[in-house]
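Only one structure is covered here, and it is reproduced in the block below.
The values are calculated or read from the model by the stated rules, or taken from the named source; none is laboratory data. Source: prediction; values computed, not measured. Cβ placement follows ideal geometry from the backbone for every residue including glycine, while neighbour counts extend to all protein chains displayed. Side chains are part of the model used for accessible areas, which takes the heavy atoms of the whole protein and leaves out ligands, DNA and RNA. Shrake-Rupley method; radii C 1.70, N 1.55, O 1.52, S 1.80 Å.
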Amino acid sequence: MQTDRLVVAVADDDQETLKILSEAIKSRFLEQGVLVDLYTYSLLPTLEHDMSMQAFDLLFLDIEMPEIDGISFGKQLRQQGDQTAIIFVSNREDRVFEAFESRPYGFVRKSNFEKDLSKVLSSFLAFRAQYEPKRFVITNEDGQETISIEKITYIEGSRHDQLIHLVSTKDVKTISSTMEKIEEELEGYGFIPCYKGILVNFRYISLIKDDTIILTDGSVVPLSRRKASETKKIYLALMQKKSSIIF
């Protein structure tokens, strides 16, 4: 069995519940051959502070939290371009559709915790193995640099070089390669050819219009009208694979 290691945060304002959730989550991951560095939080601002210094692979958030609730916190992360996977763990089943706005990976009911947790974690690990996170080697005149594919928002052609746009930064990397070669290398990792010389990472798509795509960081990329229908079809298919919402 392959052993992986993830960094996971669990947030709940009830200390006893937090302990029970944490032990169960760690146990379920271990059953799947995954080791977990697990951090617990009773306040989301504390988690926010730690996220500025520590990268997390997955967040388990209670919806009803003091200071800022879980859904608002999730929306805030998405507005900042943060795509860390979120699973809501709550009794507030009436807020499932509201939770969609923060594009969570899943929703686990506390009333059906054991069953829901096993299902959503199995799905999450299967998705992660297929799409998250891969490394991409950029070769240019300065040498080689390795970056995480999940940090790339989109790639655009610029004559003989290609420009790699990264999330939450103005930094643009230049790679000495053809778009055809890059597209072949990234096939199967969620990049959609939406316009001639442009590949967009589906993880960062916020809105698809008739001739443009709006990304979560506010960037706007062109969308070919000829490719519009196929782009939407591919995007929906990828989102369906990614989503494990339980309600």
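Miscellaneous remarks
- Residue within segment 53-60 that is of a type outside the set (D, E, K, R), farther than 24 Å from THR153 by Cβ and either open to solvent by 40 Å² or more (accessible area, probe 1.4 Å) or over 19 Å from the mean Cα position of the chain (by Cα) (or both) present: no
- Applying the set (1) part of a helix (DSSP H, G or I); (2) under 19 Å from ILE205 (Cα atoms); (3) open to solvent by 40 Å² or more (accessible area, probe 1.4 Å) to LEU163 leaves exactly one unmet item: (1).
- Residue in segment 203-236 that is farthest from ARG128 (Cα to Cα), counting only those that are small (Gly, Ala, Ser) and out of contact with any Leu (no Cβ under 8 Å at 6 or more places or on another chain): SER224
- Matching residues in segment 63-84 - criterion: being of a type in the set (Ser, Thr, Tyr) and closer than 20 Å to LYS110 by Cβ: SER72
- Being within 15 Å of ILE25 (Cβ to Cβ), at pLDDT below 90 and touching a Lys or Arg at 6+ places or on another chain (Cβ under 7 Å) is a property that SER122 lacks.
- The one condition in (1) open to solvent by 30 Å² or more (accessible area, probe 1.4 Å); (2) part of a helix (DSSP H, G or I); (3) not basic (Lys, Arg) that PHE124 fails to fulfil: (1)
- Residues (open to solvent by 70 Å² or more (accessible area, probe 1.4 Å) and within 21 Å of the chain's Cα centre (by Cα)) located in segment 166-184: SER168, LYS170, GLU183
- Cβ-Cβ under 6 Å pairs, at least 6 apart or on other chains, segment 170-197 side within 23 Å of GLY143 (Cβ to Cβ), far side among the small types (Gly, Ala, Ser) and part of a loop (DSSP other than H, G, I, E, B): MET179/GLY197
- Qualifying residue in segment 5-22 (condition: in contact (Cβ under 8 Å) with a residue 24 or more places away in the chain, at negative phi, surrounded by fewer than 17 Cβ atoms within 10 Å (Cβ to Cβ) and of a type in the set (Lys, Arg)): yes
- Subset of segment 185-233 (residues that are hydrophobic (A, V, I, L, M, F, W, C), in a strand (DSSP E or B) and surrounded by 14 or more Cβ atoms within 10 Å (Cβ to Cβ)): PHE191, ILE192, CYS194, ILE198, LEU199, VAL200, ILE205, ILE208, ILE213, ILE214, LEU215, VAL221
- For segment 27-57, residues that are acidic (Asp, Glu) and either out of contact with any strand residue (DSSP E or B) (no Cβ under 8 Å at 6 or more places or on another chain) or more than 25 Å from GLY81 (Cβ to Cβ) (or both) total 2.
- SER118 in contact (Cβ under 8 Å) with a residue 24 or more places away in the chain, in a helix (DSSP H, G or I) and within 27 Å of ASP13 (Cα to Cα): yes
- Within segment 127-153, considering residues that are surrounded by fewer than 17 Cβ atoms within 10 Å (Cβ to Cβ) and of a type in the set (Lys, Arg), the one farthest from PHE88 (Cα to Cα): ARG135
- Residues located in segment 78-100, provided they are within 13 Å of LEU58 (Cα to Cα) and open to solvent by less than 40 Å² (accessible area, probe 1.4 Å): GLN83, THR84, ALA85, ILE86, ILE87, PHE88, VAL89
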